[in-house]
Amino acid sequence: MAIESVNAAATVLIVDDEPLNVDLLEQELGAAGYRTVSATNGEEALAAAAKSQPDLILLDVMMDGIDGYEVCKRLKASEATRAIPVVFLTALAETFEKVRAFGAGAVDYLTKPFETEELLARVGVHIALRREIEAHRKADATIHCLVEEIRSDRDAIVGDSPALRRVLALAAQVAPTDSTVLIQGETGTGKELVARAIHDRSPRRERPLVRINCAALPRDLVESELFGHEKGAFTGAVQQRRGRFELADGGTLLLDEVGELPLEAQAKLLRVLQEHEFERVGGARSLRADVRVIAATNRDLQAQVAAGGFRSDLYYRLNVFPIAMPPLRERRDDIPRLVQHFAAKAARKLGKTLEGIAPAFIEQASAYDWPGNIRELENLIERAMIMSDGTRLDAIELFSKASPSDKASPAAQADATLEEIERAHIRRVLERTRWAIEGERGAARLLGLNPSTLRGRLRKLGIRKTS
């Protein structure tokens, strides 16, 4: 923990009612590269600490008005200043005074007169220690945030169709292992739920499940998000940052939409999967992380390999244990239960009472092909709940807006590739929304995608508005 690395940007609040002492401390700390703020009494100190948020406070004990002990107690009682370390400066050297200082919340105690070297050493150590603690706190907060991103809205996997049972059987087989899993399927089929089920049934379930959406990352930040970066690695890198692999250490990393990774990032991902080592962007030290990888994609990776858009060696590394997610049109037996599940959820969200679902609504839902799969179903049910009068879900007019092409037989598409099916589905949804992408009735919401993600898919699939 190098003191020189922390003093350049650190601020020290000096509190002393003797101007000469303040001047001396400002000179010594300024020469060492610290910024300083000063106060001459307790009230000024409390106001200055709250306003300037210093990295450390040097606090005299004996002052007019409220003394240093009381100032320290008030600092520690306030949420805004509680974390700021306080070092007492006083001529009193008795053990009783030192105990009293620590009891008030101080982290250290310097007796006047003091040596400059000792003062600077202790200031540097306590500032560096505080920053280490703050870095760990932020990392924990980041992990919590990422975990909550996965765990928010923890829907169970609903259904009992043969197609879904096959998926769940495969998930149960692979869960106890550390094998890499590749989950493929159309958008909105529940790939993330299956990844979560695998993690929750694995020996890693007490460690975090961290998700990264590869399609939503700016191209120049992909490596930083995956592997982290060192301070100064690029413009805007003002501090060191841990990547998702470090955050998922001991747990599981879900690489969602892995087919969107640029080729240069694919090469580095391959190395991590092979050697379990990586470097932060701008760093020279190799780091290790014990991470189980689950990848998910709605793209045909084999076709991408053939087209040169995805590395074949990475594909084989990811495709250790493949799981194919069935589209909702292939598990129609599950639709009535899914309708009930999402209707109850929408009712809770909207503060409505749900007493029943019109049989005609379930009949129409079971007949519809759901190009947006489960996400589209959930979104439509929420709209239906808003539109339905009373306590009965019966907005069947929503289905009348579906174009005839939406109900084309899946058998007619049997020979189509996954990409061709995806292109056709997206085009049908866009035609239904009159090519509106954003908004409550836009194609992005129907498909369960962010508008920026959908625009990226349009570019990749070559979909353009027809005249």
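The values are calculated or read from the model by the stated rules, or taken from the named source; none is laboratory data. Just so it is clear, the structure is predicted and the values come from calculations on it, not from any experiment. Cβ placement follows ideal geometry from the backbone for every residue including glycine, while neighbour counts extend to all protein chains displayed. With ligands, DNA and RNA removed, areas are computed over all heavy atoms of the protein, side chains included. Shrake-Rupley method; radii C 1.70, N 1.55, O 1.52, S 1.80 Å.
Structure data summary
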| read-out | value |
| --- | --- |
| Helices (runs of 4 or more DSSP H) fully within the range 247-359 counting 3 or more residues that are open to solvent by less than 10 Å² (accessible area, probe 1.4 Å) | 263-275, 335-350 |
| Of residues in the range 13-37 being assigned to a strand (DSSP E or B) and touching an Asp or Glu at 6+ places or on another chain (Cβ under 7 Å), the one surrounded by the most Cβ atoms within 10 Å (Cβ to Cβ) | V15 |
| Qualifying position, being at pLDDT 85 or above, more than 24 Å from A195 (Cβ to Cβ) and not basic (K, R), among A384, A395, A414, A324 | A384 |
| Odd one out for G308, checked against (1) at positive phi; (2) in contact with a helix residue (DSSP H, G or I) (Cβ under 8 Å, 6 or more places away or on another chain) | (2) |
| Search result, residues across the range 210-238 that are of a type outside the set (F, W, Y), within 16 Å of L287 (Cβ to Cβ) and either outside any loop (DSSP other than H, G, I, E, B) or open to solvent by less than 20 Å² (accessible area, probe 1.4 Å) (or both) | V210, E223, S224, E225, L226, G228, H229 |
| Selection within the range 437-456 - closer than 26 Å to L217 by Cβ, without any contact (Cβ under 8 Å) to a residue 60 or more places away in the chain and not acidic (D, E) | I437, G439, G442, A443, A444, P451, L454, R455 |
| Any chance G103 is modelled with pLDDT of 80 or more and either of a type in the set (A, V, I, L, M, F, W, C) or more than 35 Å from the chain's Cα centre (by Cα) (or both) | yes |
| Residue pairs meeting the criteria (Cβ under 7 Å; at least 6 apart or on separate chains; first closer than 15 Å to L263 by Cα and among the charged types (D, E, K, R), in the range 216-231; second assigned to a helix (DSSP H, G or I) and open to solvent by less than 40 Å² (accessible area, probe 1.4 Å)) | E223/A265 |
| Count of the range 1-21 residues which are modelled with pLDDT under 90 and over 38 Å from the mean Cα position of the chain (by Cα) | 5 |
| Output for the range 38-54, where each listed residue is open to solvent by 30 Å² or more (accessible area, probe 1.4 Å) and either closer than 20 Å to E134 by Cα or in contact with a Leu (Cβ under 6 Å, 6 or more places away or on another chain) (or both) | A50, K51, S52, Q53 |
